[in-house]
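Peer 1: Okay, here's the structure, questions in a sec.
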Amino acid sequence: MAGHDFSVLILAAGKATRFKSEHSKMLHRLAGQPLGDYVLKAVGLLKPQRTYVVIGHEAEEVRKAFARPGLTFIEQKEQLGTGHALLVARTELERCPSSTLVVVVGDAPLLRAETLRALVEAHGKACAAATVLTTRLENPQGYGRIVRARGGRVRAIVEEKVCTPAQRKIREINSGILCFSRPKLLEHLGALSDKNPQKEYLLTDLVEIFDRHRLKVVPFPVGDAREVLGVNDRMELAQMERILRLRKAGALMRDGVTIVNPECTYVDDQVEVGRDTVIEPGVSLLGTTRVGSACTLRPYSTITDSVLGDRVTVRPYCMISACEIESDVILGPFAHLRDGAVIEQDACIGNFVEVKKSCVGRGTKAWHLTYLGDATLGERVNVGAGTVTCNYDGEKKNPTLIEDGVFVGSGSMLVAPVRIGRGSYVAAGSTITEDVPPESLALGRARQTNREGWVRTRSQAKPSVNITVREAGPVAVVEVNGRLTLGPPVEALGQTIRRVLESGNRKLLVNLTHLTYIDSAGMGALVSAMKATRESGGQLRLSSIQHKVLTLIETANLNQVFEIYPDEASGLSSFSQAPSG
Ligand code: UD1
Ligand code: MG
């Protein structure tokens, strides 16, 4: 190879039409990384003289995501095809110091640096004007087909859309990765046009243009077709994801890791796992995570950017992110560790325990339902169920310090900033607001009092209604005592009225002397009682209403509905007078 006399141009401006997405295809995540990262990484390893990235759709986001030293971004404002991307780059390419330019599509994530290097070498050796990286596919659908001339040179690349039926059968395809003599490219770039059925400037048309000018275009076939697979829609994204996941799982298994079901285990490329570790289904190991040896990762835990020592057990459904877990620790099920939590050797963090920005010392145990935030726990601390470090005062986070050998009883609230001295006991159910000196017992709760017989007294004192019926001549006097409110009191009144009417009594006087309160349901019950009486041909009247209750009745305008008498006697005598109403 002529040293490093080559530059690379990556095409990454496309709109991802087939993704049906608002976002650039380059930013869609593949096995945890933006799609564009893969090609950039492979290209980076080659150390080209210049690396150009043509961006367009979501240019700013793409630029931000991929910004790294040595990249030159070129903006293609309108995306009129891969050839147009080169036209837009023309000025930059004219200034490029290299004699060879490698054009790489941004959506071929499996491409390896070695292959690109071999392509550049082959291109140099063949003294070609262009070299096309090709491969043979069982199903070439969607790819540009390689039309070879006699002698093996490439005469044209025909895009799927314009293939003749015979061309469609060609299984050799264009990877979208081409090596050009930069001067020749610049000389003929202007000949590209969008006068084709796709109405796009097609980079691939350059091959035919070169051929017309008797410039040599040669193929460079790669054996492993997967290497040049493009990602053009979300199904291809999922297929690619699967390939990458299985590839990573395969590498781990070869290195002595048991993966119970590689199809449903998600391990990012950079993750490291030690020997004899067992990874059960549904586990995700993401980012820069490193797992030691002989660990057991039970199903459905997600571990991100964290370091685990040896023989760690992660029971099902844990979330661990940016944490350091030392050897022989047991976590979960359902533990949530985050933001730099450090769990030292032999510690146990059990179910429904959240640990944030805290250090849990050797052999310390918090088995159940606990929150440890901004806390430092020494060695051999026992944290009882339901303990909470109350770290947030509404403005800032405050620290809790629990020294070696402390016993925190269940259900304790440790209001930070607070310190529990070495070897102390915190009584269960305490609210601790002040520091506890070493080797003390802290009792932070009100002394319990028992009121014996309280239940009985309460039920006696319970305000309820008492309804009695007595006869005063032809009139049934219904006396309502207590509170006539929704529920049993209202039901009791209804039952009493029904009983009186059933017994044949048609003249009812409801005496309310001892009615202390009435709500709207109670008023409704009185109205219903009157209605029922009228329907059975009788009359219902009220008497002796206390001032307080009368106000309530008047507010509801019920004084217009009922005949109301100041006392029982006048009520009774009203029945012996001429019937009214
Ligand atoms: C392209 C090739 C096809 C090849 C296939 C391999 C052309 C015309 N076709 O087709 O022969 O078999 O790749 O995967 O080159 N892009 C721009 N600006 C644009 C249009 C596209 O930068 O105006 C970028 C895209 O972001 C993408 C790359 O070019 O990274 C390829 O575009 P894509 O639409 O995927 O082309 P294919 O149809 O796959
Ligand atoms: Mg493509």
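The values are calculated or read from the model by the stated rules, or taken from the named source; none is laboratory data. Model, not experiment: these values are computed from the prediction. Using ideal geometry, Cβ is built from the backbone for each residue, glycine included, and neighbour counts are taken over all protein chains shown. Surface accessibility is based on the protein's heavy atoms, side chains included, excluding ligands, DNA and RNA. Shrake-Rupley method; radii C 1.70, N 1.55, O 1.52, S 1.80 Å.
Peer 1: Given Cβ point charges of +1 (Lys, Arg) and -1 (Asp, Glu) and nothing else, what value in debye, to the nearest 20, does the dipole of the range 385-460 about its Cα centre take? Could the numbers behind the result be given before it?
Peer 2: Working: 9 positive and 8 negative charges, 100 e Å.
In total the dipole reaches around 480 debye.
Peer 1: Would you mind checking the tilt of helix 113-126 against the longest principal axis of the Cα atoms of the chain, expressed as 0 to 90 degrees and rounded to 10?
Peer 2: Tilt of helix 113-126: around 20 degrees.
Peer 1: Of the options Ile303, His213, Val561, report the single residue whose Cα projects farthest towards the positive end of the charge dipole of the chain (beta-carbon charges: Lys, Arg +1; Asp, Glu -1).
Peer 2: Comparing the listed Cα positions along the dipole, His213 ranks first.
Peer 1: I've got another one for you. Straight-line reach from Lys365: which aspartates and glutamates fall under 15 Å, measuring Cα to Cα and dropping same-chain residues less than 8 apart?
Peer 2: Glu326, Asp328, Glu344, Asp346, Glu354, Glu379, Glu403, Asp404
Peer 1: Loop only by DSSP, 10 or fewer other Cβ within 10 Å of the Cβ. Give me the GluC sites (Glu not before Pro) in the range 93-153 that pass, ordered by residue number.
Peer 2: Working: sites: Glu94, Glu114, Glu121, Glu138; in loops: Glu138.
Answer in residue order: Glu138.
Peer 1: Moving to a separate point now. Applying 1/(1 + (r/R0)^6) with R0 = 60 Å to the Cβ-Cβ distance of Lys195 and Thr296, what FRET efficiency is obtained, to the nearest 0.05? Let's see the in-between values first.
Peer 2: Numbers: r = 64 Å, r/R0 = 1.06.
Step by step, r from the Cβ atoms, then E = 0.40.
Peer 1: Along the charge dipole of the range 347-432, Cβ charges K/R +1 and D/E -1, which of Val408, Thr376, Gly394 sits furthest on the positive end?
Peer 2: Positive-end residue among those listed: Thr376.
Peer 1: Okay, next question. Pull up the DSSP beta bridges for the chain and report the antiparallel fraction as a percent, rounded to 5. Mind showing how you got there, number by number?
Peer 2: Working: 25 of 125 bridges.
About 20 percent, rounded to the nearest 5.
Peer 1: Loop-only check: which trypsin sites (Lys or Arg not before Pro) in the range 159-189 are DSSP coil with at most 11 other Cβ within 10 angstrom? List each step's numbers first, then the result.
Peer 2: On the way: sites: Lys161, Arg168, Lys169, Arg171, Lys184; in loops: Lys169, Arg171.
Passing both the DSSP loop test and the Cβ count: Lys169.
Peer 1: I've got another one for you. At 7 Å along Cα-to-Cβ for each site, give me the label-to-label distance between Asp519 and His368 in nm.
Peer 2: That separation, rounded to one decimal, is 3.8 nm.
Peer 1: Express in % the proportion of alpha carbon pairs of the range 99-233 at distances exceeding 25 Å.
Peer 2: Details: 1718 of 9045 pairs.
Of all Cα-Cα distances in the range 99-233, 19 percent exceed 25 Å.
Peer 1: When the dipole is taken about the Cα centre of the range 437-581, and only Lys, Arg (+1) and Asp, Glu (-1) are charged at their Cβ, what size is it in debye, to the nearest 20? Write down the numbers at each step before the final one.
Peer 2: Working: 16 positive and 12 negative charges, 73 e Å.
Roughly 360 debye for the range 437-581.
Peer 1: Once the piece of chain linking Thr72 and Asp224 is laid out straight, how much longer is it, given 0.36 nm per residue of separation minus the C-alpha distance between them?
Peer 2: Values: separation 152, 0.36 × 152 = 54.72 nm, distance 3.05 nm.
Gain on stretching Thr72 to Asp224: 51.7 nm.
Peer 1: Once neighbouring chains are kept in place and the probe is 1.4 Å, which whole percent of the accessible area of the chain is contributed by carbon and sulfur? Don't skip to the end; give the middle numbers.
Peer 2: Details: 14380 of 28360 Å².
Roughly 51 percent of what the probe reaches on the chain is carbon or sulfur.
Peer 1: Just to verify a number: FRET efficiency for Asp339 and Val162, C-beta to C-beta distance, R0 = 60 Å, to 0.05? Mind dumping the intermediate values first?
Peer 2: Working: r = 55 Å, r/R0 = 0.92.
That gives a FRET efficiency of 0.60.
Peer 1: Just to verify a number: what accessible area does Tyr266 come out at with the full protein assembly present, 1.4 Å probe, Å² rounded to tens?
Peer 2: Surface accessible to solvent at Tyr266 totals approximately 90 Å².
Peer 1: Rounded to the nearest whole Å³, what is the per residue volume of the convex hull around the Cα atoms of the chain?
Peer 2: Convex hull of Cα atoms, per residue: 303 Å³.
Peer 1: Under 11 Å from the Cβ of Ile170, count the other residues' Cβ atoms, weight Lys and Arg +1, Asp and Glu -1, and hand me the total.
Peer 2: +4
Peer 1: Which trypsin sites (Lys or Arg not before Pro) from the range 448-509 combine a DSSP loop assignment with at most 10 other Cβ atoms within 10 Å?
Peer 2: Numbers: sites: Arg451, Arg456, Arg458, Arg470, Arg483, Arg498, Arg499, Arg506, Lys507; in loops: Arg451, Arg506.
Sparse-neighbourhood loop trypsin sites (Lys or Arg not before Pro): Arg451.
Peer 1: Rank Trp367, Trp454 by accessible area, highest first, at a 1.4 Å probe radius? Walk me through the numbers before you get to the answer.
Peer 2: Values: Trp367 80, Trp454 120 Å².
Per-residue accessible area, sorted high to low, gives Trp454, Trp367.
Peer 1: If you stretched the chain out fully between Met253 and Ser573, how much longer would it get, using 0.36 nm times the residue separation minus the C-alpha to C-alpha distance?
Peer 2: On the way: separation 320, 0.36 × 320 = 115.20 nm, distance 10.20 nm.
Using 0.36 nm per residue and subtracting the Cα-Cα distance, I get 105.0 nm.
Peer 1: If you don't mind, another one. Just by accessible area at a 1.4 angstrom probe, what is the order of Met26, Met319, Met235 from largest to smallest?
Peer 2: Details: Met26 15, Met319 100, Met235 135 Å².
In descending accessible area the options line up as Met235, Met319, Met26.
Peer 1: If you roll a 1.4 Å probe over the heavy atoms of the protein chains, what accessible area per residue do you get for the range 266-346, in Å²? Show your work: numbers first, answer last.
Peer 2: Working: 3260 Å² over 81 residues.
Computed with neighbouring chains in place, this is 40 Å² per residue.
Peer 1: Over the heavy atoms of Cys163, what accessible area does a 1.4 Å probe trace out, to the nearest 10 Å²?
Peer 2: That residue has around 10 Å² of solvent-accessible surface.
Peer 1: Once amide H atoms are built 1.01 Å from N in the peptide plane, which residues 5 or more positions from Leu515, or in another chain, come under 5 Å H to H?
Peer 2: Under 5 Å from the amide H of Leu515: Gly482, Gln546.
Peer 1: A follow-up question, please. Beyond 17 Å, how much of the Cα-Cα pair distribution for the range 29-95 remains, as a whole percent?
Peer 2: Numbers: 1019 of 2211 pairs.
Percent of Cα pairs beyond 17 Å in the range 29-95: 46.
Peer 1: What number do you get for the range 507-581 when its Cα radius of gyration is normalised by 2.2 N^0.38 Å, N = residues? Can you show the working numbers first?
Peer 2: Numbers: Rg = 11.8 Å, N = 75, 2.2 N^0.38 = 11.3 Å.
Ratio of Cα Rg to 2.2 N^0.38 Å: 1.04.
Peer 1: Now for a separate question. As a test, work out the antiparallel percent of DSSP beta bridges whose residues both lie in the range 342-399, rounded to the nearest 5.
Peer 2: Numbers: 1 of 15 bridges.
Antiparallel: roughly 5 percent of the beta bridges in the range 342-399.
Peer 1: What accessible area per residue, rounded to a whole number of Å², is obtained for the range 459-510 using a probe radius of 1.4 Å?
Peer 2: 54 Å²
Peer 1: I'd like the FRET efficiency for Glu491 and Lys20, computed as 1/(1 + (r/R0)^6) with the beta carbon distance as r and R0 of 60 Å, rounded to 0.05.
Peer 2: Details: r = 62 Å, r/R0 = 1.04.
Given R0 = 60 Å and the Cβ-Cβ separation, E is 0.45.
Peer 1: Points 7 angstrom from Cα along the Cβ direction at Glu272 and Leu443: gap in nanometres?
Peer 2: Here the answer is 5.4 nm between the modelled labels.
Peer 1: How much accessible surface area, in Å² rounded to 10, belongs to the heavy atoms of Asp393 with a 1.4 Å probe?
Peer 2: Only protein atoms counted, so the area is about 80 Å².
Peer 1: Still on this structure: Tell me the label-point distance for the pair Lys397, Cys264, using the 7 Å Cα-to-Cβ offset, in nm and rounded to one decimal.
Peer 2: Going from the Lys397 label point to the Cys264 one covers 3.4 nm.
Peer 1: What ranking of Ser24, Ser573, Ser503 comes out by heavy-atom accessible area, probe 1.4 Å, highest first? Walk me through the numbers before you get to the answer.
Peer 2: Working: Ser24 0, Ser573 50, Ser503 90 Å².
These residues rank, largest area first, as Ser503, Ser573, Ser24.
Peer 1: Right, something else. Per-residue HN-Hα couplings for the range 78-84, Karplus 6.51 cos²θ - 1.76 cosθ + 1.60 at θ = phi - 60°, whole Hz, x for Gly and Pro?
Peer 2: The phi angles translate into 10, 9, 9, x, 5, x, 4 Hz.
Peer 1: If you place +1 on the Cβ of every Lys and Arg, -1 on the Cβ of every Asp and Glu, and leave all else neutral, what size is the dipole of the chain about its Cα centre, to the nearest 20 Debye?
Peer 2: On the way: 72 positive and 64 negative charges, 344 e Å.
The calculation lands at about 1660 debye.
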